[in-house]
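What follows draws every value from the coordinates through simple rules; no lab data is involved. These numbers come from a predicted model, not from an experiment. Using ideal geometry, Cβ is built from the backbone for each residue, glycine included, and neighbour counts are taken over all protein chains shown.
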Amino acid sequence: MTAPHEATADLLEQARRVVVLTGAGMSAESGVPTFREAQTGLWARFNPEELATERAFRENPARVFGWYLQRLHAVRAAEPHAGYRALAHLAQRFRDGFCIVTQNVDGLHARAGSRNVVELHGSLEAFRCIECQLPFPADQIGGLDDVQAERPPPTCRECGNLIRPGVVWFGESLPSDAIGRAWRAAEEADVALVVGTSSLVYPAANLPAVVRGRGGRVIEINPDETPLSPSVDLYWSAPAGEALPLLAEALAGSQERR
Ligand code: OAD
């Protein structure tokens with residue numbers, strides 16, 4: 001039987017364009033918590049309705065803002081693991097034909113050197129006015145080294161309303177430019193590589209079906225099976241930090257042999 005890294009490398013070898021969809025599991029080995037895993041997941045420890053909705057923010061801005069600043073502080077201290085670097089390396093082979101669509105808000109793909117990255121759910125580094133939408137630079141938010149559970153948000157210099165985190169909350173639409181770029185990449189891709197997502201949150205979870213609908217192949221890397229697993233062409237049960245470097249090596253090896 002072909003080893004999963006070789007089978008995955010074979011599928012990618014035949015591809016001209018690849019879309020990668022990543023979720024919280026991609027960052028687990030960098031020490032960033034996932035959402036839905038029992039005990040360690042953020043939504044196992046915190047109630048999303050109290051922290052990840054516009055209503056929660058309007059009711060208790062200091063609590064919600066403090067929680068996001070604490071997450072920002074934690075991801076700034078995290079380092080992208082070898083799987084991130086492997087993806088950045090893989091991209092070079094496909095040039096413009098490689099797009100990473102991430103549900104993550106931690107910025108680790110860019111920090112690992114990936115260029116064509118679509119942040120579907122926004123970014124912890126982005127802030128904007130809740131009313132007029134004017135962006136607010138993260139570097140103007142001081143005291144990130146000592147963030148308490150509660151921190152009143154700053155106010156907008158144009159309209160005086162509250163500054164909110166630039167992440168997508170429950171009940172909100174995804175940024176239209178990000179959706180457009182992600183769906184274009186999926187429509188053009190021969191292969192979707194889905195890494196570290198529970199495939200439970202839409203519209204992101206629809207992306208592999210877009211690739212498949214156009215005759216493309218779907219590969220999933222995740223230590224645990226998900227609702228997507230039964231329909232993929234190749235399911236590889238492994239953590240991202242182990243699988244992706246193996247894959248990059250296998251592809252580099254096959255290129256040398258040619
Ligand atoms: P989840 O927490 O729902 O799922 C994480 C997935 O990562 C699970 O399927 C795990 O099995 C898998 N996993 C864990 N460790 C892994 C590893 N080392 N390597 C690979 N996979 C691993 O996270 P998401 O699917 O990203 O939205 O959740 C989607 C969205 O739901 C998030 O973007 C967030 C959340 O509510 C917003 O905040 C808008």
(message) Sort 94-107, 215-228, 48-61 by the packing proxy (mean of other Cβ within 10 Å over each peptide's residues), most packed first.
(response) 94-107, 215-228, 48-61
(request) Could you check which residue among SER237, SER198, SER30 shows the biggest mean-square fluctuation in a GNM of the chain with a 10 Å Cα cutoff? (result) SER237
(request) Would you work out which of GLY241, PHE170, GLY253 lies farthest towards the positive end of the dipole of segment 113-258, given +1 charges on the beta-carbon of Lys and Arg and -1 on that of Asp and Glu, about the Cα centre? (result) GLY253
(request) Just check segment 110-178 against the gyration tensor rule for me: Cα atoms, a ≥ b ≥ c as the square roots of the eigenvalues, rounded for a/c under 1.5, and otherwise prolate or oblate depending on whether a/b exceeds b/c. (result) oblate
(request) With a point put 7 Å past each Cα toward its Cβ, work out how far GLU131 is from GLN148 in nm, to one decimal. (result) 2.7 nm
(message) At a threshold of 8 angstrom on Cα-Cα distance, excluding pairs fewer than six apart, so keeping six or more, what relative contact order does segment 180-258 reach in percent?
(response) 26 percent
(message) Test of understanding: what is the full-extension gain from ARG55 to SER173, defined as 0.36 nm times their sequence separation minus their Cα-Cα distance?
(response) 41.0 nm
(request) Please name whichever of LEU69, ALA126, ALA112 sits farthest to the positive end of the charge dipole of segment 52-126, dipole taken about the Cα centre and charges placed at Cβ: Lys and Arg +1, Asp and Glu -1. (result) ALA112
(request) Evaluate the charge dipole of segment 101-154 about its Cα centre and quote only its size in Debye, nearest 20, assuming +1 on the Cβ of each Lys and Arg and -1 on the Cβ of each Asp and Glu. (result) 240 debye
(request) Please give the calculated 222 nm ellipticity per residue for the chain, where each DSSP H segment of at least 4 residues contributes -39500 (n - 2.57) and the sum is spread over every residue; nearest 500 deg cm²/dmol? (result) -11000 deg cm²/dmol
(message) About the Cα centre, and with charges only on the beta carbon of Lys, Arg (+1) and Asp, Glu (-1), how big is the dipole of segment 102-258? Nearest 20 debye, please.
(response) 460 debye
(request) Extending each Cα 7 Å along its Cβ direction at TRP43 and ASN206, get the distance between those two points in nm, one decimal. (result) 1.8 nm
(message) How high is the relative contact order of segment 127-258? Use alpha-carbon pairs under 8 Å, at least six apart in sequence, and give a whole percent.
(response) 16 percent
